[in-house]
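The values are calculated or read from the model by the stated rules, or taken from the named source; none is laboratory data. In this text the structure is predicted, and so the values were computed from the model without any measurement. Don't worry about glycine lacking a Cβ; one is built from the backbone with ideal geometry, like all the others, and counts go over all protein chains shown.
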């Protein structure tokens, strides 16, 4: 029996709230990534770790907020806590690997492709691991093309956001990159939800309260405690960035050029004046000014 799936039980409340959480995490994380490019080697690790935790927490919170609006009319839904929190850990670790690659390799093509791919796979893994943590009297089936599309959306969004973080400057460009990433990540979530088919396996005699026999916790019971931790961390990351004016405005001074690693000494060299060759017709037969002045001084005191 096919279940009746509704991903917008509360209308636009859950999609908008999920988008805002993803945008907040992306804005903080991408700004930390940009800041790391202009930090010393010892401080860069801290900025990159803060960025990966911010993006991972924001994306995971987006997923769980959006899932509170997901219902199946014929059966209640509960969630397995270990699998749900495992999604958060996977997101933070894989996003951290991608961010550290870009943070230490710079805006090279290989670094952006590798870091963006790993980050996108981390976001997609978090989503489908969270889906595996749902408990209901039903069996899941996925539409493979839509699943592949959702993974591609996550990978392209992560690559584009990392490129913007290490290439563009200014508060408006950072805001635009975070909004773009939030739109793409939220779109990836609902694309993955559209790939889901629910096949019911209801018992012959239904109990009065079917949720009482399902393992796991209800969403209403979990949303408060599960959002406290990521919410407090995002608030902490925002406070840390506020005490660094450059991290907010994006004005850090000259950064690494595209194709170069952070800390490349060529980015700090002063351009030297171009020297003319010795056989240049414009300078042939002329004595250097300093030499001419020295000769005039010698003749005066003879």
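Summary of computed values
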| read-out | value |
| --- | --- |
| Matching residues in the range 98-108 - criterion: being touching a residue at least 40 places away in the same chain (Cβ under 8 Å) and either surrounded by fewer than 21 Cβ atoms within 10 Å (Cβ to Cβ) or farther than 22 Å from residue 61 by Cα (or both) | 100, 102, 103, 104, 105, 106, 107, 108 |
| Residue list for the range 30-48, restricted to those being part of a helix (DSSP H, G or I), touching a helix residue (DSSP H, G or I) at 6+ places or on another chain (Cβ under 7 Å) and surrounded by fewer than 23 Cβ atoms within 10 Å (Cβ to Cβ) | 44 |
| Exclusive hit being surrounded by 16 or more Cβ atoms within 10 Å (Cβ to Cβ) and over 27 Å from residue 14 (Cα atoms), set 166, 90 | 166 |
| Residue 45, sole failed condition from (1) over 14 Å from the mean Cα position of the chain (by Cα); (2) within 26 Å of residue 187 (Cα to Cα) | (2) |
| Checklist (1) touching a residue at least 12 places away in the same chain (Cβ under 8 Å); (2) over 19 Å from the mean Cα position of the chain (by Cα); (3) closer than 26 Å to residue 67 by Cα applied to residue 50, failing item | (2) |
| Options 27, 89, 18, 111; residue that is without any contact (Cβ under 8 Å) to a residue 12 or more places away in the chain, outside any loop (DSSP other than H, G, I, E, B) and touching a helix residue (DSSP H, G or I) at 6+ places or on another chain (Cβ under 8 Å) | 111 |
| Residue satisfying condition, being within 17 Å of residue 48 (Cβ to Cβ) and at pLDDT below 90, within set 133, 103 | 103 |
| Of all residues making up the range 60-84, the number that are part of a helix (DSSP H, G or I) and in contact with a helix residue (DSSP H, G or I) (Cβ under 8 Å, 6 or more places away or on another chain) | 11 |
| Verdict on residue 196 being surrounded by 15 or more Cβ atoms within 10 Å (Cβ to Cβ), touching a residue at least 40 places away in the same chain (Cβ under 8 Å) and touching a strand residue (DSSP E or B) at 6+ places or on another chain (Cβ under 7 Å) | yes |
| Complete set of residues in the range 1-29 that are surrounded by fewer than 16 Cβ atoms within 10 Å (Cβ to Cβ) and under 18 Å from the mean Cα position of the chain (by Cα) | none |
